[in-house]
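Visitor: If you scroll down you'll find the structure; I have some questions about it.
The values are calculated or read from the model by the stated rules, or taken from the named source; none is laboratory data. Source: prediction; values computed, not measured. Cβ: placed from backbone, ideal geometry, glycine included. Neighbour counts: every protein chain shown. With ligands, DNA and RNA removed, areas are computed over all heavy atoms of the protein, side chains included. Shrake-Rupley method; radii C 1.70, N 1.55, O 1.52, S 1.80 Å.
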Number of protein chains: 2
Amino acid sequence: MSIAEVREAYTGRAEEYISLLGSVADTHELDRDLISRWAEQLDGPVLDAGCGPGHWTDHLRRLGRDVEGVDLVPAFVARARERFPEVPFRVATFDDLGVADAALGGILAWYSLIHLEPERVPSALSEFARCIRPGGSLLLGFFDGASIEPFPHKVVTAYFWPPSAMTERLEAAGFAVEAVHTRSEEGTRPHAAIVARRIDAGASAR
Amino acid sequence: MSIAEVREAYTGRAEEYISLLGSVADTHELDRDLISRWAEQLDGPVLDAGCGPGHWTDHLRRLGRDVEGVDLVPAFVARARERFPEVPFRVATFDDLGVADAALGGILAWYSLIHLEPERVPSALSEFARCIRPGGSLLLGFFDGASIEPFPHKVVTAYFWPPSAMTERLEAAGFAVEAVHTRSEEGTRPHAAIVARRIDAGASAR
């Protein structure tokens with residue numbers, strides 16, 4: 001979906017979203033484990049890219065990370081600032097994260113690529129790659145599927161991604177995939193997470 | 001592999017195995033998270049089926065579980081008793097776990113079905129099902145693969161299993177699969193874990 005469509009869809013349901021999904025307590029305990037363990041080994045500032053109402057951003061701050069949250073939905077950014085006044089938040093899109101080259105130790109993009117039209121995912125990953133220093137890490141969470149296909153997500157159209165297809169896009173953008181995690185549980189959509197390391201510029205210039 | 005072959009292979013390498021893989025500190029941190037969270041929600045005694053040198057059994061005890069470890073390799077059972085004197089261990093095979101019907105709240109079978117000839121897995125799962133009370137839980141860990149196939153594991157031949165194939169065997173044995181987890185990482189064999197609930201006898205008599 002276009003940025004405008006996604007922004008509009010979430011703006012209209014921001015409060016509903018926050019009440020249902022806007023707290024770390026609403027998340028899967030194994031996601032908390034993965035994100036926490038990932039965050040513990042980072043070196044350098046962290047960006048929560050697509051932070052929504054800021055609960056994961058605040059979680060990262062509580063873990064001692066130097067973290068900032070960005071989201072394309074101004075209503076989320078405004079509420080995130082209210083909810084977590086110690087954490088910096090600002091509006092940004094994946095076209096331009098507003099971060100200097102190689103400035104970050106890591107980016108968390110937790111279910112924040114899910115609404116992007118699949119053909120726009122590579123440019124978002126390239127923007128992530130630009131911002132992460134060589135050796136830094138990207139953690140993606142998304143809906144796992146056998147093929148890249150849209151489905152009627154409650155807020156606005158989202159896409160399933162096979163981890164193998166996401167891996168290809170990551171490698172093309174200058175990442176080396178280190179770990180792929182999947183989870184399928186009764187009553188929920190299949191989940192995938194990928195940890196990818198930013199390779200150095202020499203290695204990426206293939 | 002036959003029980004005798006597996007027993008012999010591990011007996012000859014028990015000390016080597018213990019030094020390399022016999023401690024919870026040697027395990028993947030996300031496996032510790034999964035096993036711990038699984039154990040926390042159990043109700044009733046727990047069996048660590050194929051406990052090896054007892055490190056996971058002891059981990060479960062530390063989490064407050066009433067736990068016993070069984071293994072087919074006497075050398076592992078002897079060393080487990082030495083290492084963790086507070087935990088009961090005994091020799092048993094998956095043909096007969098030596099547990100009363102429906103006596104258990106859960107069974108952990110962490111990489112302990114991996115050497116079984118695939119055609120013998122259903123009978124092991126049936127024995128697990130016999131021992132777990134309705135509503136109790138089984139946690140399996142194994143090597144994930146695209147098909148059921150043997151590979152030359154360092155100790156003795158082991159088998160890859162697709163989670164879908166294991167799910168079929170579990171359902172046939174009286175379990176409902178609640179969660180399937182996979183992880184693939186550079187430099188290690190793909191991993192899978194399944195959490196399955198023992199369904200009640202009425203529901204299993206299909």
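Visitor: Quick check: net charge around A:Thr11, other residues with Cβ under 12 Å of its Cβ, Lys/Arg +1 and Asp/Glu -1?
Guide: Details: positive: A:Arg7, A:Arg13, A:Arg79; negative: A:Glu5, A:Glu8, A:Glu15, A:Glu16, A:Asp71.
In short, -2.
Visitor: Also, I was wondering about something else. Send over the semi-axes of segment B:71-206's equivalent ellipsoid, whole angstrom and largest first, taken as the square roots of 5 times the C-alpha gyration tensor eigenvalues.
Guide: Values: eigenvalues 103, 97, 35 Å².
Largest first, segment B:71-206 gives 23, 22, 13 Å.
Visitor: Also, I was wondering about something else. Can you compute the charge dipole magnitude of segment B:68-185 about its Cα centre, using +1 on each Lys and Arg Cβ and -1 on each Asp and Glu Cβ, nothing else charged? Give it in debye, rounded to the nearest 20.
Guide: Details: 10 positive and 16 negative charges, 64 e Å.
In debye, rounded to 20, segment B:68-185 gives about 300.
Visitor: When the Kirkwood hydrodynamic radius is evaluated over all pairs of different C-alpha atoms of segment A:144-194, what value in angstrom, to one decimal, is obtained?
Guide: Numbers: mean 1/r = 0.0841 Å⁻¹.
Roughly 11.9 Å, rounded to one decimal.
Visitor: Ok, one more. Apply the a/c threshold of 1.5 to the C-alpha gyration tensor of segment A:1-157 and tell me whether it is rounded, prolate or oblate.
Guide: rounded
Visitor: Return a whole-number percent for the relative contact order of segment B:1-87, with Cα pairs under 8 Å and 6 or more residues apart as the contact set. Walk me through the numbers on the way to the answer.
Guide: Values: 94 pairs, mean separation 25.9, N = 87.
In percent, rounded to a whole number, it is 30.
Visitor: With charges set only on the Cβ (+1 for Lys and Arg, -1 for Asp and Glu), what does the dipole of segment B:3-205 come to about its Cα centre, in debye to the nearest 20? Don't skip to the answer; put the middle values down first.
Guide: Working: 20 positive and 31 negative charges, 52 e Å.
Rounded to the nearest 20 debye, it is 240 debye.
Visitor: Got the A:Thr11 label distances to the other copies yet, label 7 Å along Cα→Cβ, in nm, shortest first?
Guide: Computed spacing set for this position: 7.4 nm.
Visitor: Could you work out the mean count of beta carbons from other protein chains within 10 Å of each residue's beta carbon in A:29-39? All intermediate terms of the calculation are to be shown ahead of the outcome.
Guide: On the way: counts 5, 6, 0, 2, 7, 4, 0, 2, 5, 0, 0.
Rounded to a whole number, the mean comes out at 3.
Visitor: So what is the accessible area of segment B:3-205 per residue, in Å², with the probe set to 1.4 Å? Intermediate results must be reported in sequence, preceding the final value.
Guide: Working: 8240 Å² over 203 residues.
Using a 1.4 Å probe on heavy atoms only, each residue of segment B:3-205 averages 41 Å².
Visitor: Another one. Compute the label-point distances linking A:Glu185 to its equivalents in the other copies; points lie 7 Å from Cα along Cα→Cβ; give nm, one decimal, shortest first.
Guide: 2.1
Visitor: What net charge do the residues around A:Gly98 carry, taking every other residue with its C-beta under 11 Å from that of A:Gly98, with Lys and Arg at +1 and Asp and Glu at -1? Don't skip to the answer; put the middle values down first.
Guide: Details: positive: A:Arg90; negative: A:Glu68, A:Asp95, A:Asp96, A:Glu127.
Net local charge, A:Gly98 excluded: -3.
Visitor: Moving to a separate point now. Picking from A:Ala146, A:Ala192, A:Ala49, which is most flexible by a Gaussian network model of chain A using Cα springs under 10 Å?
Guide: Evaluated over chain A, the most mobile residue of the options is A:Ala146.
Visitor: Using Cα pairs closer than 8 Å and at least 6 residues apart in sequence, work out the relative contact order for segment A:3-205, in percent.
Guide: Relative contact order here is 17 percent.
Visitor: Which whole-angstrom value gives the distance between the alpha carbon centres of segment A:28-90 and segment B:52-83?
Guide: 40 Å
Visitor: May I have the extent of the alpha carbons of the protein assembly as shown along their three principal axes, as whole Å values ordered from largest to smallest?
Guide: 63, 50, 38
Visitor: Now for a separate question. Name the residue from A:Tyr17, A:Leu97, A:Ala80 whose Cα lies farthest towards the positive end of the charge dipole of segment A:3-205, charges +1 on Cβ of Lys and Arg and -1 on Cβ of Asp and Glu.
Guide: Comparing the listed Cα positions along the dipole, A:Ala80 ranks first.
Visitor: Still on this structure: Report the Cα centroid-to-centroid distance between segment A:1-27 and segment B:149-203 in angstrom, as an integer.
Guide: Segment A:1-27 and segment B:149-203 have Cα centres separated by 36 Å.
Visitor: Within segment B:3-205, what whole-number % of the accessible surface is contributed by carbon and sulfur, with the 1.4 Å probe and all protein chains included in the calculation? Could you put the intermediate results ahead of the total?
Guide: On the way: 4220 of 8240 Å².
The nonpolar share, carbon plus sulfur, comes to 51 percent.
Visitor: Once Lys and Arg get +1 and Asp and Glu get -1 on their Cβ, which of B:Ser112, B:Ala193, B:Ile35 lies farthest toward the positive end of the dipole of chain B?
Guide: After comparing all options, I get B:Ile35.
Visitor: Give me D for segment A:52-134 in µm² s⁻¹, whole number, from Stokes-Einstein with Rh from the Kirkwood sum over alpha-carbon pairs, 37 °C and 0.692 mPa s.
Guide: On the way: Rh = 13.2 Å.
The estimated diffusion coefficient comes to 248 µm²/s.
Visitor: Now for a different question. Among B:Ala158, B:Ala109, B:Ala179, which one moves the most in a GNM of chain B with springs linking Cα atoms closer than 10 Å?
Guide: Checking each option, the largest mean-square fluctuation is seen for B:Ala179.
Visitor: Which value, in square angstrom to the nearest 100, describes the accessible area buried between chains B and A on both sides, using a 1.4 angstrom probe?
Guide: The B and A chains share an interface burying roughly 1500 Å².
Visitor: Taking the label point as lying 7 angstrom from Cα along the Cα-to-Cβ axis, what are the distances from B:Gly135 to the corresponding position in the remaining copies, in ascending order and in nanometres?
Guide: In ascending order, 5.3 nm.
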